[in-house]
Structure formats: C-alpha cells, structure tokens
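The structure under discussion appears below in the form of structure tokens.
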Amino acid sequence: MQENNNIALTEAVYYILLSVIKPNHGYGIMQVTGELTHGRLIISAGTLYGALNTLLERGWIKLLITADNSRRKEYVITEEGRQILQAELKRLHELVDNGHKILDSI
C-alpha cells in the first residue's frame, strides 16, 4: 500500500468511493451521489469516468467481472480504498470539530 496519510480527497472522489461500497455501475454512482447530496453535487460522465480510471490505477476500486457479459461495468471498493475512505472521514471529523471549537468559543 502506498503512503496515504495526508491525502485530502475531492468531494467527487469521496462520494464515488461511498457509492461503490456495494458493487455499482457508472449511472448508479451518479444517482447515489445525487441522492446523498440532495442534488447539490452532480458528477458529469466525463468527471466520473476519469475519476474511475484514476481510482482503478491507484487500486482503491476494482472492476467486477460479470457472468452475464453485460456491457455495464460494475465497480467495488477495495480494502485499500476503504482505508482511504476511513482516513478521509477521520480528517473531515477533525475539520468539523476544530471549526466548532473555534466558532463556539466566540
């Protein structure tokens, strides 16, 4: 595993990783992201497929081979991807906690 202690994920990558906790295809990833953000974040097809290729190269997700030869590709998070996602969640909690500490003290 590569050194990933100080990686800050983009919002799109964060939601893509969340969307492939269970196997999911491109359109499904876009739907889940839209639902989770109540339509605030819409990932375009170009952004999505570029990000999916990068995540595949990094080993954070993998392509599932389907038995039915479907044209639809499904992706799922890897163990390394889960670790990255958990580290990002911890980082985001720290950001929020520090924001509350400062804002609540004024």
Could you count how many residues in the range 49-106 are in contact with a Phe, Trp or Tyr (Cβ under 6 Å, 6 or more places away or on another chain) and free of Cβ contacts under 8 Å to residues at least 12 places away in the same chain?
0
Counting only residues that are surrounded by fewer than 10 Cβ atoms within 10 Å (Cβ to Cβ), give me the helices (runs of 4 or more DSSP H) lying completely in the chain with at least 3 of them.
79-104
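Go through the range 56-97 and count every residue that is among the basic types (Lys, Arg) and at pLDDT 95 or above.
Of the residues in the range 56-97, 5 are among the basic types (Lys, Arg) and at pLDDT 95 or above.
The values are calculated or read from the model by the stated rules, or taken from the named source; none is laboratory data. Worth saying up front: this structure is predicted, and the values here are computed from it rather than measured. Backbone-built Cβ (ideal geometry, glycine too); neighbour counts: all protein chains shown.
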